[in-house]
Amino acid sequence: MQAGDSRTELYQLALHAAPSGIMVVGDRGDIQFANQTLADMFGYRLEELLGKPVEILLPEQHVAAHRRHVENYARRPESRPMGSGRDLEAVSKEGRRFPVEIGLRPAQTDSGWFAVATVIDITKRKAIEERLREHEERLEELVAERTRELSEAQREKERVLEQLIQAEKMAAVGTLVSGIGHEINNPLYVVLASAEALAGEADLAQCRAYGREILKHVKNIAETVKNLSRYAQPGTRHDLQRVDVNASVAGAVSLARRALRDDRIAIRTTMGPAPDILAKSEEIQQVVFNIVRNAVQAISGEGLVEIHTAQEGNWVTVRIRDSGTGILDEHLKRIFDPFFTTKGPDEGEGLGLYIVRQIVARYGGTIDVENAAGGGARFSIRFPIADPKNAEGRHA
């Protein structure tokens, strides 16, 4: 055997052993060479393929389009690597149709123009892709379903939170009413006495004096009821308002002074200039009132509750400090947990500070608590201002 023949035999062995089907097609579309892998793939013997038109490997409905494609390719032959998106359908000798991937490379020899085609049966790959697609669709369905569940859960959470906020507010109203009762009764006695005196008074000037006295005390009663009504009304999730934090703090302090009557405890406020925030005024008032109420309850005997407001960068800060005994270290981490309380069984459900944190969080704020260096606890509340770009110029 000559050396050249030996190399040719080796080349043919390598070609027939290749894992991909390989064939050489002439410029007329006839099969000039096919390896064993290709013959096995299509169910032919090698001699059945040689000289046959390549269209025998295609379904009948694709033959005409393939011939046009061959003509176009012959005019402008170019390499087309595997995986370039040319997934085609082939047909075996027995008529079984299956997907294939084709790679082409043109070759010009002394004998003429040829195209070397590499063919891979991608049936298994397509099956895997289909299973993956089905899994992806199912996963998308599960994600969509879970998203719906989470959205519903979030709405339910918001609904429950609204109920908790209102329930805690109404619990505080009980404290307010008991403390505010005398704030209404005292001026009512004055009104009643002035009205009785007015009924029997003949002097017009004195009647006017009684009328002014009645008017003054009625206005005081109306203001007290207005503050209490504003506090008690339910908040809503939508249509946020521009809220003056200083005004909300002042309203909460006014209610606290009337409801938590203890002449031994002073409430001192220092209001710094602060931009508006976007929130619900009654809920900001509820936050301050709840913390002030806790601060007053934490003081035994004489004491002081200090409230300071200020703008710090793009935040409005409210700091509330009491002169009580402070909070035990093991309680600091749990102070905002729901149903956590250090009070007696008849003094609350442990939801007050939990509700406070929920309200602050819903308006994009933060709340922290620590034991102050000089004694007592200090709460720091921050709310993002409504117009961070304009705030600096407005309060310069």
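Does region 98-106 contain at least one residue that is open to solvent by less than 40 Å² (accessible area, probe 1.4 Å), among the acidic types (Asp, Glu) and not in a helix (DSSP H, G or I)?
Yes, region 98-106 has at least one match.
Based on this model, can you work out whether Ala153 counts as open to solvent by less than 100 Å² (accessible area, probe 1.4 Å) and closer than 28 Å to Tyr363 by Cα?
For Ala153, the condition - open to solvent by less than 100 Å² (accessible area, probe 1.4 Å) and closer than 28 Å to Tyr363 by Cα - is met.
Any idea which of Ser84, Ser111, Ser79 is surrounded by fewer than 16 Cβ atoms within 10 Å (Cβ to Cβ), modelled with pLDDT under 85 and touching a Leu at 6+ places or on another chain (Cβ under 8 Å)?
That would be Ser79, the only listed residue that is surrounded by fewer than 16 Cβ atoms within 10 Å (Cβ to Cβ), modelled with pLDDT under 85 and touching a Leu at 6+ places or on another chain (Cβ under 8 Å).
Restricting attention to region 23-40, which residues are among the aliphatic types (A, V, I, L, M) and either free of Cβ contacts under 8 Å to residues at least 60 places away in the same chain or open to solvent by 30 Å² or more (accessible area, probe 1.4 Å) (or both)?
Val24, Ile31, Ala34, Ala39
Pairs please, first residue from region 48-63 and open to solvent by 70 Å² or more (accessible area, probe 1.4 Å), second anywhere and assigned to a loop (DSSP other than H, G, I, E, B), Cβ atoms under 9 Å, 6+ apart in sequence or on different chains.
Short answer, once both residue conditions are applied: Lys52/Tyr44.
Could you tell me which residue of region 341-396 is most open to solvent (accessible area, probe 1.4 Å), considering only residues that are of a type in the set (Lys, Arg), at pLDDT 80 or above and within 17 Å of Ala295 (Cβ to Cβ)?
Arg357
Can you tell which of Leu278, Leu304, Leu260 is open to solvent by 10 Å² or more (accessible area, probe 1.4 Å) and modelled with pLDDT under 85?
The match here is Leu260.
Please find, within region 114-135, the residue that is least open to solvent (accessible area, probe 1.4 Å) out of those that are assigned to a helix (DSSP H, G or I) and under 22 Å from Phe42 (Cα atoms).
Ala127
Suppose the filter is in contact with a Ser or Thr (Cβ under 6 Å, 6 or more places away or on another chain) and of a type in the set (Phe, Trp, Tyr); does Phe98 pass it?
Yes.
Within region 284-340, how many residues turn out to be within 13 Å of Ile265 (Cβ to Cβ), among the hydrophobic types (A, V, I, L, M, F, W, C) and part of a loop (DSSP other than H, G, I, E, B)?
Residues flagged as within 13 Å of Ile265 (Cβ to Cβ), among the hydrophobic types (A, V, I, L, M, F, W, C) and part of a loop (DSSP other than H, G, I, E, B) within region 284-340 amount to 2.
Can we say Lys157 is under 30 Å from Val91 (Cα atoms) and in a helix (DSSP H, G or I)?
For Lys157, the condition - under 30 Å from Val91 (Cα atoms) and in a helix (DSSP H, G or I) - is not met.
The values are calculated or read from the model by the stated rules, or taken from the named source; none is laboratory data. Everything numeric in this text was worked out from a predicted model, so none of it was measured. Glycine also receives a Cβ, built like all others from the backbone with ideal geometry; neighbour counts cover every protein chain displayed. Just the protein is used for accessible areas: all its heavy atoms, side chains included, with ligands, DNA and RNA removed. Shrake-Rupley method; radii C 1.70, N 1.55, O 1.52, S 1.80 Å.
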